[in-house]
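S.K.: Dropping the structure in here first, questions after.
The values are calculated or read from the model by the stated rules, or taken from the named source; none is laboratory data. Because the structure is a prediction, the values reported are computed rather than measured. Ideal geometry is used to build each Cβ from the backbone, glycine not excepted, and the neighbour counts take in all protein chains shown. Heads up: the accessible areas ignore ligands, DNA and RNA and are worked out on the full protein's heavy atoms, side chains in. Shrake-Rupley method; radii C 1.70, N 1.55, O 1.52, S 1.80 Å.
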Amino acid sequence: MSIAPPLCPYEELRRIFADRYPASDPLDLEAGTVVVLPSLSFPTAELRKIVGIGYYEERLLFLLLLLRRPEVRIVYLTSMPVDETVVRYYLGFLPDPAGARDRLHMLDAGDPQPRALTAKLLDRPDLLDQVRELAGGPSQAFVLPFNVTRYEQDLAEQVGLPLYGPPAALAGLGSKSGSRRVARLAGVPVLDGAEDLRSVHAVEAAARRLRQRAAPPDAVVIKLNDGFSGQGNAVVDLRDLNGSLLESPAVFCAEEESWPSFAAKIAEGGAVVEELLTAPGMRSPSVQLRILPGGAPLVLSTHSQVLGGPNRQVYLGCRFPSDPVYRAEIRAAAERVARVLAARGVIGYFGVDFFVVPDGDRHRVYLAEINLRVGGTTHPFGMAALATEGSYDPTSGHLVAAGGAKSYLATDNLKSARLLGRHPAEVIDEVARRGLAYDHGRRTGTTLHLLGALPEHGKMGMTCIGDTLEHAEYLYREVVGALA
């Protein structure tokens, strides 16, 4: 009889985590510690495309509202200190802010350099010692990462805590190429194109094949495998593809890109080519899910994404709930994707983006991409759910709180010269003075995030929660008018 090899520390931590939460969500914990690791562990060149990217570590501060539960503690890790005004703002949503502050430990690496937070923390064994001491061990705590690479896995092993995220070896399932492969396994259609392209020559060949179709698309989208928030995309008009691809005009979603830089990134990380969908009435909704440590998928929400930038390739914000005409269909497709991912060992947060095209009295649904990480729609829903003390109703697709269902409109991209140089406290007070701040009694109003980016970048985010989408849109317009 063969003897199984001993489990490595990471595998043992996964087993402990699954045994502790076989069929429940760790974020529903009534006692214990959540170590929040909001490290955007992506290629630095891609992250630099996002204005104020260093402050995106603040987007998970909505998790501070978990401190409403008196036996929960949070260790929140950042590159640089978070303004205490911002911390007090989030704790102000709780009935006992002072008690919550005693159970919150904000630790920072004191390093503003543009590299992943996790890499900075691995260079600071003193901080890892503090995390280990505060957390209390794998039976009481876990690490919640933004995304998982070998760095997050290494950190989890060093502090002796399980990761509520997929093994680093599975990260490729959330790349643009991996998304197309998983979609096929799940029986979810994808747009015509090709994946796993590692050279400009391969990309050009794929684009030319699309041009040879009986009804060719006017343009194609080239997506870098590890692109973030649409900034790794480029659009090429097939009607202009006469010579070499490198000599063809392209619309890069990131202004600083050019063919030489883009070609190097294709060679380094790979890319996909897809037809550019321009059908009238096309929408891009998204489904947010978690796979529990025991392997069960859990749908969290559905959104309609707000896209902008060149050819509407860049994520700007979202509306909740998604349109009811396709809500059930995208949910079902996302659940099929989740089952494929769960079977391969994925756990934790992820999102599935779709394209939806009207087709008579029905809709055609295509998978756009899988984001095997915390997404841009995660923090708006998390903030809305925790602030209203509501829960997602899978039957109706609504967020249901005391007094009824809630809707919201959210963005990470409220930018204005009028905001540049302003302190978070000024903006918080201005929104409150105008009667637009979140009202705990009515469970409606505006919540703010990305406040740390205000002084340097004149940029912030907000989630406008209303009793209806029309109410949420009214709040949104009022806040924009007041601040921008």
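S.K.: Hey, got the dipole for the stretch 329-484? About the Cα centre, +1 on K and R Cβ, -1 on D and E Cβ, debye to the nearest 20? Mind dumping the intermediate values first?
M.R.: Working: 17 positive and 18 negative charges, 57 e Å.
With only Lys, Arg, Asp and Glu charged at Cβ, the dipole is about 280 debye.
S.K.: With all protein chains present, calculate the accessible area of His471 using a 1.4 Å probe and round the result to the nearest 10 Å².
M.R.: Its heavy atoms expose roughly 50 Å² to the probe.
S.K.: Further, regarding this structure: When the Cα atoms of the chain are enclosed in a convex hull and the volume is divided per residue, what value in Å³ results?
M.R.: On the way: hull volume 77.4 nm³, N = 484.
Convex hull of Cα atoms, per residue: 160 Å³.
S.K.: Stretch Ala23-Arg132 to full length: gain in nm at 0.36 nm per residue minus the Cα-Cα span?
M.R.: Details: separation 109, 0.36 × 109 = 39.24 nm, distance 2.62 nm.
Contour length minus the Cα-Cα distance gives 36.6 nm.
S.K.: Once amide H atoms are built 1.01 Å from N in the peptide plane, which residues 5 or more positions from Leu40, or in another chain, come under 5 Å H to H?
M.R.: When sequence neighbours closer than 5 places are left aside, the close amide H contacts are Leu117.
S.K.: Now for a separate question. Gap in Å between the Cα centre of the stretch 447-484 and the Cα centre of the stretch 60-114?
M.R.: That distance is 21 Å.
S.K.: Could you report the stretch 369-484's accessible area per residue, 1.4 Å probe, as an integer in Å²? If you can, show how the numbers build up before the last one.
M.R.: Numbers: 4360 Å² over 116 residues.
That works out to 38 Å² per residue.
S.K.: In a solvent-free Debye calculation with one equal scatterer on each Cα, what is log10 I(q)/I(0) for the stretch 440-484 at q = 0.27 Å⁻¹, listed in the order of the q values?
M.R.: -0.96
S.K.: Right, something else. Rg/Rh for the stretch 246-381: what does it come to with C-alpha atoms and Rh from Kirkwood? Could you put the intermediate results ahead of the total?
M.R.: Values: Rg = 16.5 Å, Rh = 16.4 Å.
Over the Cα atoms of the stretch 246-381, Rg/Rh equals 1.00.
S.K.: Residue by residue, what Karplus-based ³J(HN,Hα) values in Hz, rounded to whole numbers, does the stretch 271-288 have, using 6.51, -1.76 and 1.60 with θ = phi - 60° and x for Gly and Pro?
M.R.: Once rounded to whole Hz, the list reads 7, 10, 10, 9, 4, 7, 7, 10, 4, x, x, 5, 10, 10, x, 9, 10, 9.
S.K.: Considering only the other residues whose Cβ falls under 15 Å of the Cβ of Gly348, what net charge follows from Lys and Arg at +1 and Asp and Glu at -1? Let's see the in-between values first.
M.R.: Values: positive: Arg14, Arg20, Arg290, Arg344, Arg373; negative: Asp25, Asp28, Glu152.
So the environment of Gly348 carries a net charge of +2.
S.K.: If you place +1 on the Cβ of every Lys and Arg and -1 on the Cβ of every Asp and Glu, how big does the dipole about the Cα centre of the stretch 251-349 come out, in debye to the nearest 20? Intermediate results must be reported in sequence, preceding the final value.
M.R.: Details: 10 positive and 9 negative charges, 116 e Å.
Around 560 debye, computed over the stretch 251-349.
S.K.: Turning to a different aspect of this structure: Hey, got a sec? Which trypsin sites (Lys or Arg not before Pro) in the stretch 405-446 land in a DSSP loop and have at most 14 other Cβ atoms within 10 Å?
M.R.: Details: sites: Lys406, Lys415, Arg418, Arg422, Arg433, Arg434, Arg442, Arg443; in loops: Arg418, Arg422, Arg434, Arg442, Arg443.
Sites meeting the loop and neighbour criteria: Arg418, Arg434, Arg442.
S.K.: Turning to a different aspect of this structure: Enumerate the amide H contacts of Ala219 below 5 Å, restricted to partners 5 or more residues apart or on another chain; note that Pro and chain-start residues carry no placed amide H.
M.R.: It is Leu238, Leu276, by chain and number.
S.K.: Taking +1 at the Cβ of each Lys and Arg and -1 at the Cβ of each Asp and Glu, which of His105, Leu127, Gly137 sits farthest along the dipole of the stretch 79-140 towards its positive end, judged by Cα position relative to the Cα centre?
M.R.: Result: Gly137.
S.K.: I've got another one for you. At a 1.4 Å probe radius, carbon and sulfur cover how many percent of the accessible area of the chain? Don't skip to the answer; put the middle values down first.
M.R.: Working: 9980 of 19210 Å².
Within the chain, the accessible surface is 52 percent carbon and sulfur.
S.K.: Return the Rg/Rh value of the stretch 382-484, two decimal places, where both radii are evaluated on C-alpha atoms and Rh is the Kirkwood radius. Before the final figure, lay out each step's value.
M.R.: Numbers: Rg = 13.8 Å, Rh = 13.8 Å.
Result: Rg/Rh = 1.00.
S.K.: Still on this structure: Above 17 Å lies some portion of the pair distances; for the stretch 149-194, what is it as a whole percent of all C-alpha pairs?
M.R.: Numbers: 475 of 1035 pairs.
For the stretch 149-194, the fraction of Cα-Cα distances above 17 Å is 46 percent.
S.K.: With an 8 Å Cα cut-off and a minimum separation of 6 or more residues, compute the relative contact order for the stretch 249-395 in percent.
M.R.: On the way: 206 pairs, mean separation 34.0, N = 147.
RCO, the stretch 249-395: 23 percent.
S.K.: Quick one: dipole size for the chain, taken about the Cα centre, charges +1 on Lys/Arg Cβ and -1 on Asp/Glu Cβ, in debye to the nearest 20. Each step should come with its number before you reach the end.
M.R.: On the way: 51 positive and 57 negative charges, 163 e Å.
The calculated dipole for the chain is roughly 780 debye.
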